[in-house]
1. Considering only the range 4-248, what is the antiparallel percent among its DSSP beta bridges, to the nearest 5?
2. What is the distance, in nm, between label points placed 7 Å from the Cα along the Cα-to-Cβ direction at Arg325 and at His339?
3. Report the calculated FRET efficiency for Val191 and Arg29 (r = Cβ-Cβ distance, R0 = 30 Å), to the nearest 0.05.
4. Whole percent per 5 Å bin, from 0 to the bin with the longest distance: what is P(r) over all C-alpha pairs of the range 4-248?
5. Using only Cα atoms and rounding to the nearest 10 degrees, what angle (0 to 90) does helix 101-113 make with the longest principal axis of the chain?
6. Given the peptides 385-393, 169-177, 185-193, arrange them by the average over their residues of other C-beta atoms within 10 Å, most packed first.
7. Using R₀ = 51 Å, calculate the FRET efficiency as 1/(1 + (r/R₀)^6) where r is the Cβ-Cβ separation of Ser313 and Asp81; round to 0.05.
8. Could you tell me how many degrees, from 0 to 90 and to the nearest 10, lie between the Cα long axis of helix 224-243 and the main elongation axis, the longest principal axis, of the Cα atoms of the chain?
Amino acid sequence: MIRVFLFLSLFLFGTEYSIAQVEIKEDLRILFVGNSKVGSEGGLQHHFRRTIERLPDSTGIHTDWIAMYNRADLSEMMTTDLLDRIETGDDDLLIVQSGPEKDMAEILEKSRKANKEIIFFSEWEDNPFLSGNTWREFSEKTIFSHKSLSQFSREENVPIAPTGLVFHDVLKEIKQGNLRDDFLFVPESSVQNDLGVYVNIASLLAVLEGGVPDVIPMWDPFADDLLQEILAVARQSINRWNDGSFMTLDQDADIKSDVSHNYTFDFTTSPAWDPVLKKENRLFYIGNSFIGTEGGLENHFPRVLQEVNAPFSIRTRSRIFWGQRLSRMFQPDIVDQIHNEDEEIIIVTSGSRIYLDSFYQEIKKADKQMLVHMTWGRNPTINDGGMESYREQTMEIVRTCRNFEDERNAQVIPCGLIFYSLLVDPPDIDEELRLDWMFMQENIHQNHLGTMINLAAHFSIMTGLSPVGLPMWDPYPPALVKALQERVWEVVRVWKAGEEMSIFGS
């Protein structure tokens, strides 16, 4: 069993108290309890484990999470399965998303009865930069919730990682020129992105390590100076939590940067082929997580086109079938929408030839244009057959899509082919890239860089234009973004020339 010792003497509300710290030991078994604030972006549980393993004097730990994406709060997460897991499972430590005090007290009691340690991490409020939200409201809610949490922590002698407070402070204090105001969130969302997950890990390590480490390894190629600034602000935020001074946070009426995110992009260049996409077109995306993950390609595509000079307006909507194949998407209500809604362009994820043809027939009858979003082979780092199997799987998808495009009046967007090209021959830049750098770690899904690749590919196929210079939404190295966009344009032209097998060396 893990060892517990005291490390903080705090003064809140004029009363001294101590909070237990949990020691990170070899083979520590951790169960995370939470909704998308755990599960999104490849899973906090996975990133936390990998981060621990990469720290100096690292230990091997085990992490798990019971998927609860659609559970609104802690009361909905306390299922029979979870309570049985707490009582009979072999987990040593629970890391639990905060919620109503009565629910935290209940799960705390059950954990202690089962002789398990527990840490709560505080929720962050909704993205204050979304339409209808304000910074003042965000700040007030953050202060109010953390006052209650600090009281709960003091009374129950239970550690709390003040993640929501750190989110608040990092957004307020860091205003580098290439950052969106809401740079810890997926754009136009309240879900954390990779930088938001990094904040989560820093907050948890403050409890587990007794303070925010000087260096926390990052899995994606963000600039070191940005990561160091995040850690510095997190350190200050943790200090304010510890001494109670967060209760007097100033509540600015508004927090906005003066940075313009209006990018120059030349839409007047002659297209390399007849464009499919025209201004004010309406698009209907039908797909699974290979479209919907990371905030949704269908959401990022029109947003990016609005951020360039001389905005190019399109409207999109989607039907995302999470975890489903193309065969499960061909449903009567989808067919009805293809015929009766007002979209001119229908984008369907790739899949079996039988169902590609079924969709094609209905879209043709509706006198609309069909495009196919080509998916990819299984991430080679978690593929039983490694790189060779990833190659074979991608080649099979490419062959199916090529035959379909050649036989039907439907263009294919060769995303999976581009993924393969970039993975086997990554850009030659100064930044170190993981083997599977366009995937979430140990995951089949695209990360933000993969979503950039998809967006650039959709843009190029639909417009006949190079995507070089399109705005991107997270602060990746400019050299990487440019190289990524250049490769997309190169592979798209190879696909258009019918020479796609050359990408595989055949």
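1. Working: 9 of 24 bridges.
That works out to approximately 40 percent antiparallel.
2. According to this spin-label approximation, the distance is 2.6 nm.
3. Working from the Cβ atoms, E equals 0.65.
4. 1, 6, 14, 19, 21, 18, 12, 6, 2, 0, 0
5. 70 degrees
6. Values: 385-393: 15.2, 169-177: 17.6, 185-193: 20.7.
Ranked by mean Cβ neighbours within 10 Å, highest first: 185-193, 169-177, 385-393.
7. Working: r = 46 Å, r/R0 = 0.91.
Step by step, r from the Cβ atoms, then E = 0.65.
8. Computed tilt is about 30 degrees.
None of the figures in this text is laboratory data; all of them are computed from the coordinates on show. Worth saying up front: this structure is predicted, and the values here are computed from it rather than measured. Ideal geometry is used to build each Cβ from the backbone, glycine not excepted, and the neighbour counts take in all protein chains shown.
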